[in-house]
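What follows draws every value from the coordinates through simple rules; no lab data is involved. Because the structure is a prediction, the values reported are computed rather than measured. Please note: Cβ atoms are built from the backbone with ideal geometry, for glycine as well, and neighbour counts cover all protein chains shown.
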Amino acid sequence: MNRYTLAVLVKNQFGVLNRLTSMFRRRQFNISSITASETESEEYSRITFGFYSEENEKQQLINQLYKLPDVCSIKELTVDNSLSCELMLIKLKNEPSSREEIHAAAEAFKAETIDYTKESIVLRVIGNSTKMDDFISLMRDQTILEICRTGTASIEKGASTLRQNLNL
């Protein structure tokens, strides 16, 4: 299975996100990440889905999504044609025996300490999904209290935009 990222431009209306996620559910796709927000225009929202599937199943999903009346445009984003970023907050137990190791890892991954108490340390990590996964793996030897990750935010490189392919 391959990991795919789809940016979907939709009409900014009540229930649209539910209709799109229902399409994934009916096709038995597991969404690994999702981000949604208004765009530069109040008229549209942009929803970015990350998921795993086979190539032919992905294409069938895209064809089905285009049949939904609220879908205006769909673009597959790849490492080659887009820029991506994710945000993670990770809360670790603040133990004297692990402080140096946590600090060294945070420095290596350019993580920022955003909260520090006697009981816990909260770090903010920004980067791609692989960086997040690698940082979590490194921190598994520590006591992880909580992890919060956003979905992937992706945008196409260059002057091309999602709105150029409107399917209205």
Query raised in the report: Residue separation times 0.36 nm, minus the C-alpha to C-alpha distance between Asn128 and Glu55: what's the value?
Result: 24.0 nm
**Report entry** Gain in span if fully extended, Gln28 to Ala104, counting 0.36 nm per residue against the direct Cα distance
**Finding:** 23.2 nm
Query raised in the report: Given a Förster distance of 30 angstrom, what is the FRET efficiency for Thr113 paired with Ala153, based on the Cβ-Cβ distance and rounded to 0.05?
Result: 0.85
Query raised in the report: In nm, what is the difference between 0.36 nm times the number of residues separating Glu42 and Val79 and their Cα-Cα distance?
Result: 10.5 nm
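With contacts defined as alpha carbon pairs under 8 Å and 6 or more residues apart, what's the relative contact order of the chain in percent?
28
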Query - Paramagnetic label zone (point 7 Å from Cα along Cα-to-C-beta, Leu89; backbone N under 13 Å) in segment 117-145 - result: 121-125
Query raised in the report: Fewest first, what order do Met23, Met1 take by the number of other Cβ atoms within 10 Å?
Result: Met1, Met23
Query - Inter-label distance, nm, simple model (7 Å from Cα along the C-beta direction), Tyr66/Glu146 - result: 4.3
**Report entry** Listed values (i) -0.44, -0.63, -1.00, -1.04; (ii) -0.39, -0.56, -0.93, -0.99; (iii) -0.33, -0.49, -0.96, -1.05, entry calculated as log10 I(q)/I(0) by the Debye sum over Cα atoms at q = 0.09, 0.11, 0.16, 0.17 Å⁻¹
**Finding:** (ii)
Query raised in the report: What list do you get for Leu89, Leu20 if you sort them by fewest beta carbons within 10 Å?
Result: Leu89, Leu20
**Report entry** Number of Lys pairs (Cα under 18 Å; 8 or more positions apart or on different chains) in the chain
**Finding:** 11
Requested in this report: Normalising by the residue count of segment 83-153, find the relative contact order in percent from Cα pairs under 8 Å and 6+ residues apart.
Outcome: 52
Report summary line: Shape call for segment 83-153, from the Cα gyration tensor axes a ≥ b ≥ c (a/c under 1.5 means rounded, otherwise prolate when a/b beats b/c, else oblate), comes out prolate
Report summary line: Put in order of increasing Cβ neighbours within 10 Å, starting from the fewest, Thr113, Thr39 give Thr113, Thr39
Query raised in the report: For segment 60-124, what's the radius of gyration and Dmax over Cα atoms, in angstrom?
Result: 20.3, 57
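Return the calculated 222 nm mean residue ellipticity for the chain, to the nearest 500 deg cm²/dmol, obtained by summing -39500 (n - 2.57) across DSSP H runs with n ≥ 4 and dividing by the residue count. List each step's numbers first, then the result.
Numbers: 4 runs with 44 residues, N = 168.
Value at 222 nm, helices only, nearest 500: -8000 deg cm²/dmol.
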